[in-house]
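To start, the structure itself, in structure tokens.
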Amino acid sequence: MAARWLTLIPADEARRILAETPPVDGERVPLAVAAGRVLVHPFVTPDDLPAERRAVMDGFAVRAADVHTASELSLVVLDVVGSVPMGDVFHGRMAAGEAVAIATGGFLPADADAVVMVEHTSALGGSGDGSGGGARIEVARAVAPGANVVQPGEDLPRGETILPAGRRLRPPDLALLATFGVVEVDVYRRPRVAVLSTGNELCAPEAAPRPGQVRDANQVALAAQVAAAGCEAIAAGIVRDDAAALRAAIDRLLAAHDAVILSGGSSIGTKDLSAEALAELPPPGVLFHGIDIRPGKPTLFARAGGKPVIGMPGFPTSSLVVFDAFVRPLLWRLAGEAAREPWPARRAARLGAAHRSVAGREDYLRVALDQRDGDLWADPLRGGSATLSNVVRADGLVCVPAAVDHLAAGAPVEVLLYV
Ligand code: AMP
Ligand code: MG
């Protein structure tokens with residue numbers, strides 16, 4: 001497998017391979033815990049919404065024909081024969097010349113076809129018992145049939161695929177499902193993703209590093225990125241640079257998780273340790289080792305059956321950037337999400353300094369935004385992949401596509417925002 005090293009594949013091809021990741025299986029959960037979960041089946045409306053004609057204003061249910069001549073100068077008087085109680089319907093009949101008091105959301109009486117807003121009426125007295133019975137109103141405005149009434153299916157007709165399969169459920173979606181009486185939904189399991197660090201030089205963040213040691217920065221950051229991508233992150237510790245130990249750790253983690261993300265051990269100086277450890281994975285095994293990007297070239301991807309194994313570059317900055325650009329979309333797919341825009345938040349800006357790249361290589365510049373001279377500038381931050389401060393200071397990334405080898409200062413760019 002070591003032969004694959006330095007066989008850089010173009011970023012587009014890496015994306016294509018990563019997009020072939022199949023989803024985990026599904027489970028049925030109560031609606032109350034379904035927020036942020038991904039739908040297995042489309043939701044098709046089983047009925048009209050609303051199912052009945054309902055008032056959208058407080059006022060009086062009327063027959064539009066009774067008030068079609070009404071105006072400020074020609075008031076129409078109607079008898080109020082009752083009211084629509086909230087939580088019930090008006091059980092009586094409403095004859096010509098009659099009205100029924102109704103509140104927003106109330107179900108329209110069968111004999112009514114419109115609602116006059118309360119503001120366009122004035123009371124002429126009545127029984128005073130609160131029922132509206134015996135009272136009369138003056139109507140000062142004509143209404144057309146259907147005025148201030150929502151018709152059955154006007155909000156959503158029956159049979160509409162309102163939530164597609166692969167949709168990550170948002171609070172409005174839960175409101176919709178509850179409206180239709182759906183109390184359980186089939187969603188994909190939340191993928192369990194193990195995060196493992198490799199390297200003889202690494203110690204835990206809480207340890208005092210001995211000379212030659214560095215604290216493990218990737219594990220906590222990757223776990224946070226995994227969680228933010230909607231998966232369950234399991235921190236799996238540090239493994240030494242030993243192919244057999246690494247292979248054993250990956251086998252053990254694969255048995256109990258849906259994916260494994262390891263970092264380090266994949267750059268050329270480490271004898272291609274990760275690729276060696278992954279060489280005997282179940283097929284299809286290692287699919288690429290090396291992407292033509294900067295930072296993050298030594299990124300490795302394997303699949304053990306349906307389970308992804310991702311070897312992240314060791315430098316924290318590279319790992320952070322590669323996660324957002326390549327691994328997050330993969331985890332979304334693993335979680336069952338259908339094609340989703342990988343960078344939801346973008347902002348147009350002008351590049352603060354010229355950038356020289358290499359044709360064929362996709363670059364991710366860490367940039368800080370600055371408003372000056374009437375423009376928004378994306379200033380590239382100093383330092384390469386060994387520099388952690390640049391990604392910490394960055395407001396986002398600018399992706400320089402593979403086909404572009406030079407960007408002039410002031411060039412229009414799109415900043416992929418950190419949110
Ligand atoms: P490697 O891919 O193992 O050769 O690592 C490349 C560089 O990243 C080396 O300087 C490592 O010390 C550093 N590195 C690898 N893993 C981590 C980690 N988990 N936290 C911080 N630095 C790391
Ligand atoms: Mg290493």
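The values are calculated or read from the model by the stated rules, or taken from the named source; none is laboratory data. From a predicted model like this one, the values you see are computed outputs, not experimental measurements. When we count neighbours, we look across all protein chains shown, and the Cβ atoms used for this are built from the backbone with ideal geometry, even at glycine. Each accessible area value is taken on the protein alone, full model and side chains, heavy atoms only, with ligands, DNA and RNA left out. Shrake-Rupley method; radii C 1.70, N 1.55, O 1.52, S 1.80 Å.
Determine the percent antiparallel among the DSSP beta bridges restricted to the chain, to the nearest 5.
On the way: 60 of 85 bridges.
DSSP beta bridges in the chain are roughly 70 percent antiparallel.
Given only helices, namely DSSP H runs of n ≥ 4 each adding -39500 (n - 2.57), what is the per-residue ellipticity at 222 nm of the chain, to the nearest 500 deg cm²/dmol? List each step's numbers first, then the result.
Working: 8 runs with 67 residues, N = 419.
About -4500 deg cm²/dmol.
If you plug each phi of the range 37-45 into the Karplus form 6.51 cos²θ - 1.76 cosθ + 1.60 with θ = phi - 60°, what whole-Hz ³J(HN,Hα) values come out, in order, with x for Gly and Pro?
For the range 37-45, the Karplus-derived couplings read 8, 10, 5, 7, 10, x, 9, 10, 4 Hz, x marking Gly and Pro.
Can you list the residues, at least 5 places off or on another chain, whose amide H is less than 5 Å from the amide H of residue 202, using H built in the peptide plane?
For residue 202, the qualifying residues are 214.
Net charge near residue 372, counting Lys/Arg +1 and Asp/Glu -1 over other residues with Cβ under 13 Å of its Cβ? The partial results should precede the final answer.
Numbers: positive: 350; negative: 370, 373, 375, 379.
Local net charge: -3.
Please list 208-215, 235-242 highest first by mean number of surrounding beta-carbon atoms within 10 Å per residue. Each step should come with its number before you reach the end.
Working: 208-215: 10.0, 235-242: 17.4.
Descending mean neighbour count gives 235-242, 208-215.
Karplus couplings for the range 193-203 from phi (6.51 cos²θ - 1.76 cosθ + 1.60, θ = phi - 60°), rounded to Hz, Gly and Pro as x?
Working through the residues one at a time gives 10, 8, 10, 10, 10, 10, x, 5, 7, 8, 10 Hz.
Excluding ligands, DNA and RNA, what is the solvent-accessible area per residue of the chain at a probe of 1.4 Å, expressed in Å²? Intermediate results must be reported in sequence, preceding the final value.
Values: 19450 Å² over 419 residues.
It amounts to 46 Å² per residue over the chain.
Can you give me the % of accessible surface on the chain that is carbon or sulfur? Probe 1.4 Å, all protein chains present, nothing else counted. Intermediate values should be presented prior to the final figure.
On the way: 10700 of 19450 Å².
Of all accessible area on the chain, carbon and sulfur atoms account for 55 percent.
Once each part is reduced to its C-alpha centroid, what is the distance from the range 347-382 to the range 232-250 in angstrom?
So the separation of the two Cα centres works out to 37 Å.
Choose one answer from 229, 339, 144: the residue with the largest mean-square fluctuation in a GNM of the chain with alpha-carbon springs under 10 Å.
144
Please check: in the Gaussian network model of the chain (C-alpha springs, under 10 Å), which one of 41, 68, 406 has the largest mean-square fluctuation.
Result: 68 has the largest fluctuation of those listed.
Once the whole set of protein chains is in place, how much accessible area is left on residue 116, using a 1.4 Å probe, in Å² to the nearest 10?
Accessible surface of residue 116 is approximately 0 Å².
Looking at the range 156-263, what % of its DSSP beta bridges pair antiparallel, to the nearest 5? Spell out each step's value before the answer.
Numbers: 0 of 13 bridges.
Of those bridges, close to 0 percent are antiparallel.
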